[in-house]
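Engineer: Okay, handing you the structure first.
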Amino acid sequence: MTETTSPASESAKSRPNHWVLTLVCADRPGIVHAVTAAIVASAGNVIELQQFSSRDTGRFFLRLEVDTPVTRGALLAELNPVAERFDAEIRLEDATRAIRTLVLGSKAEHCANDLLFRQRAGHLPIEVTRILANHPTLGDLAGFYDVPFEHLPIAGPEDKAAFEDRVRRIIEEEGIELVVLARYMQIVSPELCAELEGRAINIHHSFLPGFKGANPYRQAHERGVKVVGATAHFVTTDLDEGPIIEQNVRRVDHDDTVKELQAMGQDEESRTLTQAVKWFAEHRILLDGQRTIIFK
């Protein structure tokens, strides 16, 4: 009997591997030439290339999307001499793989809902493996999207320590690559902030630090603000001062109520956080000190 192979199977076998390559090093001539030469040596094809030279720090940033028939190991073997020559940090990621993500929440549902909806719709390349919250409110939402949910109340320092220990265990057990604070209304300890450096994203309303506290939209309404907005940033040991990833604002009028301001603000929070997560998952964010380089 002669074994036959369907055209679909042949197509799957011949489909190239799709990689995202990022590089950071001191700026000097010849970097792009060396990287692309290594890709050509791997029979690769550059699909997208973006680069930036920081005049402030003298650092060079590069992001490429590459199709190759070779494995990750084979491509890295060609790139390793380039990394050594330029003392460069090179990362090579599978562009088709969803980023394993842990969502932390409290009571507010809007940000978590937007993330889960866009994940399900195929618009956000993440895999939310679990939602962990200090209130039970998000349980029904997690159930709707068939995402595991855990509720660990925080009433004092011991509870907070237990919550953060659980975060650490989930990260290790589930291979978490990104932690998203989707309106998680607790201050993360300096120790956990340090452990999550560069892989935890927070969202807050843009009124900080002018309107702190539990009801910033009422304070904003009383002061007659003309814009509402949101800021997504990396979590650091400095509260709400990590490198900024994305910001959005929209204008408001004097006749908008507190409830209307809150609704508009929540829309911006959801949009801003989701965009930041998308850029992270697509490996488009590189750090230049306290600034972010984002290849859109």
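Engineer: So for segment 156-177 (the condition being in contact with a Phe, Trp or Tyr (Cβ under 9 Å, 6 or more places away or on another chain), under 20 Å from ILE99 (Cβ atoms), touching a residue at least 12 places away in the same chain (Cβ under 8 Å) and part of a helix (DSSP H, G or I)), does at least one residue qualify?
Structural biologist: Checked segment 156-177: no residue is in contact with a Phe, Trp or Tyr (Cβ under 9 Å, 6 or more places away or on another chain), under 20 Å from ILE99 (Cβ atoms), touching a residue at least 12 places away in the same chain (Cβ under 8 Å) and part of a helix (DSSP H, G or I).
Engineer: How many of the residues in segment 235-244 are modelled with pLDDT of 90 or more and out of contact with any strand residue (DSSP E or B) (no Cβ under 6 Å at 6 or more places or on another chain)?
Structural biologist: Here is the first cut: in segment 235-244, the ones modelled with pLDDT of 90 or more are 235-236, 243-244.
Still in the running and out of contact with any strand residue (DSSP E or B) (no Cβ under 6 Å at 6 or more places or on another chain): 236.
Qualifying residue count for the region: 1.
One line per residue, one yes/no per condition, for (1) in contact (Cβ under 8 Å) with a residue 60 or more places away in the chain; (2) touching a His at 6+ places or on another chain (Cβ under 7 Å); (3) of a type in the set (Gly, Ala, Ser); (4) not assigned by TED's automatic domain parsing to the domain that holds ILE201:
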{"site": "VAL70", "(1), (2), (3), (4)": "no, no, no, yes"}
{"site": "ALA77", "(1), (2), (3), (4)": "no, no, yes, yes"}
{"site": "ALA88", "(1), (2), (3), (4)": "yes, no, yes, yes"}
{"site": "ALA108", "(1), (2), (3), (4)": "yes, no, yes, no"}
{"site": "LEU115", "(1), (2), (3), (4)": "yes, no, no, no"}
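Let's see how each residue does on (1) within 30 Å of ALA77 (Cβ to Cβ); (2) touching a helix residue (DSSP H, G or I) at 6+ places or on another chain (Cβ under 6 Å); (3) modelled with pLDDT of 95 or more; (4) not in a loop (DSSP other than H, G, I, E, B):
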| residue | (1), (2), (3), (4) |
| --- | --- |
| GLU93 | yes, no, yes, yes |
| ASP140 | no, no, yes, yes |
| VAL179 | no, no, yes, yes |
| GLU197 | yes, no, no, no |
| ASN202 | no, no, yes, yes |
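Engineer: While we're here: Picking from ARG85, ARG100, ARG118, which residue would you name as being at pLDDT 95 or above and either exposed (fewer than 14 other Cβ atoms within 10 Å of the Cβ) or among the hydroxyl-bearing types (Ser, Thr, Tyr) (or both)? Break it down stepwise before answering.
Structural biologist: On the way: ARG100 fails: either exposed (fewer than 14 other Cβ atoms within 10 Å of the Cβ) or among the hydroxyl-bearing types (Ser, Thr, Tyr) (or both); ARG118 fails: either exposed (fewer than 14 other Cβ atoms within 10 Å of the Cβ) or among the hydroxyl-bearing types (Ser, Thr, Tyr) (or both).
Within the list ARG85, ARG100, ARG118, the selection yields ARG85.
Engineer: Further, regarding this structure: Is it true that some residue in segment 150-157 is within 27 Å of GLN247 (Cβ to Cβ), small (Gly, Ala, Ser) and modelled with pLDDT under 95? Steps first, answer last, please.
Structural biologist: Residues of segment 150-157 that are within 27 Å of GLN247 (Cβ to Cβ), as a first pass: none.
Within segment 150-157 (the criterion being within 27 Å of GLN247 (Cβ to Cβ), small (Gly, Ala, Ser) and modelled with pLDDT under 95), the answer is no, since none of the residues qualifies.
Engineer: Follow-up. Looking at segment 246-269, can you tell me whether even one residue there is touching a helix residue (DSSP H, G or I) at 6+ places or on another chain (Cβ under 8 Å), farther than 24 Å from PHE117 by Cβ and either among the acidic types (Asp, Glu) or crowded, with 21+ Cβ neighbours inside 10 Å (or both)?
Structural biologist: Within segment 246-269, one or more residues are touching a helix residue (DSSP H, G or I) at 6+ places or on another chain (Cβ under 8 Å), farther than 24 Å from PHE117 by Cβ and either among the acidic types (Asp, Glu) or crowded, with 21+ Cβ neighbours inside 10 Å (or both).
The values are calculated or read from the model by the stated rules, or taken from the named source; none is laboratory data. What you are looking at is a predicted structure, and each value in this text was computed from that prediction instead of being measured. Every residue, glycine among them, receives a Cβ derived from its backbone with ideal geometry; neighbour counts consider all protein chains shown.
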